[in-house]
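The values are calculated or read from the model by the stated rules, or taken from the named source; none is laboratory data. Remember, it's a predicted structure, so these values are computed and weren't measured experimentally. Methodologically, a virtual Cβ is constructed for each residue, glycine included, from the backbone with ideal geometry; neighbour enumeration extends over all protein chains shown.
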């Protein structure tokens with residue numbers, strides 16, 4: 001799941017335009033624009049079945065209106081797909097991956113009620129979580145309120161960390177033939193502080209730290225933190241969780257292709273309904289490409305041929 005902006009800065013008659021996030025390459029400028037925002041839910045096929053080709057098949061796209069937010073829209077999309085889409089059986093284990101925006105209490109609390117759903121979201125490195133409170137004689141005495149949270153676990157302060165419950169180390173080589181080591185540490189039964197509306201103490205999760213080091217054990221990038229929440233999360237290994245979240249980036253290829261090749265954000269209209277229909281049409285076109293993937297043969301042209309064509313067109317011009 002992710003959201004994508006559709007900028008409409010020069011459409012003053014288009015209704016319900018809002019401020020949207022758009023990356024800005026100029027340092028110091030605010031990364032905002034004016035237009036519409038769409039929440040997209042896609043199906044990520046197993047990597048083995050697609051020979052690691054980054055396919056991401058759209059399942060549901062919905063515009064985020066000015067009166068709501070991406071969290072509320074995303075919850076409705078997941079509920080709709082899990083209950084109405086025939087590809088998802090009632091008791092089938094389903095994994096939803098999303099970026100750090102979806103690690104909010106509202107989203108996690110709403111979808112934790114789905115018994116067959118496991119959520120894997122990234123979290124910022126400045127978050128604070130809590131361990132399960134220890135069970136003592138005073139806890140079982142029945143006097144006073146039972147504590148909901150134990151010791152603090154500050155992601156930016158390793159002095160508050162306790163020993164991980166599980167860890168995995170894997171050596172592999174990058175595409176540039178650089179040997180690196182993948183280190184994944186897991187802490188089980190962690191808690192997030194909640195509110196009266198969102199009682200997060202009822203939803204324990206697994207916290208993962210992903211680090212990549214070189215041959216000298218020097219850290220190459222900042223650690224990535226993931227939370228795995230759901231009633232059936234123990235059916236996944238920590239390596240399954242990491243690979244599932246890593247596949248989330250395949251959706252970025254779909255969004256870029258939809259905008260550059262299928263012209264998803266190029267349709268100009270003052271009618272909101274026409275704009276929504278156009279986004280739906282581009283998603284359907286992408287699904288047709290997915291359905292026809294086995295009927296075509298990949299025939300990339302040699303680089304020499306491409307260069308000769310560019311040179312001939314330049315001379316002709």
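Check whether at least one residue in the range 122-140 is buried (at least 16 other Cβ atoms within 10 Å of the Cβ), in contact with a helix residue (DSSP H, G or I) (Cβ under 7 Å, 6 or more places away or on another chain), at pLDDT 85 or above and not in a loop (DSSP other than H, G, I, E, B), and report yes or no. Steps first, please.
Narrowing the range 122-140 to residues buried (at least 16 other Cβ atoms within 10 Å of the Cβ): 122-123, 127, 129-132.
After this cut, where a residue has to be in contact with a helix residue (DSSP H, G or I) (Cβ under 7 Å, 6 or more places away or on another chain) as well, the list is 122-123.
Next, from what is left, pick out any that are at pLDDT 85 or above: 122-123.
Cutting the leftovers down to not in a loop (DSSP other than H, G, I, E, B) gives us 122-123.
Yes, that holds for at least one residue.
Over 23 Å from the mean Cα position of the chain (by Cα) and over 30 Å from residue 135 (Cβ atoms) - does that describe any residue in the range 198-213?
yes
Could you look through the range 1-45, keep only residues that are without any contact (Cβ under 8 Å) to a residue 24 or more places away in the chain and not in a loop (DSSP other than H, G, I, E, B), and pick out the one that is nearest to residue 247 (Cα to Cα)?
Once the filter is applied, the top-ranked residue is 21.
Which residue out of 246, 261 is within 24 Å of residue 205 (Cβ to Cβ), out of contact with any strand residue (DSSP E or B) (no Cβ under 8 Å at 6 or more places or on another chain) and in the same structural domain as residue 6 (by TED's automatic domain parsing)?
None of the other options fit; the residue is 246.
In the set 209, 189, 219, which member is free of Cβ contacts under 8 Å to residues at least 60 places away in the same chain, farther than 27 Å from residue 118 by Cα and surrounded by 10 or more Cβ atoms within 10 Å (Cβ to Cβ)?
219
What is the one condition in (1) touching a strand residue (DSSP E or B) at 6+ places or on another chain (Cβ under 9 Å); (2) more than 22 Å from residue 104 (Cα to Cα); (3) surrounded by 15 or more Cβ atoms within 10 Å (Cβ to Cβ) that residue 228 does not satisfy?
In the conditions (1) touching a strand residue (DSSP E or B) at 6+ places or on another chain (Cβ under 9 Å); (2) more than 22 Å from residue 104 (Cα to Cα); (3) surrounded by 15 or more Cβ atoms within 10 Å (Cβ to Cβ), residue 228 misses (2) alone.
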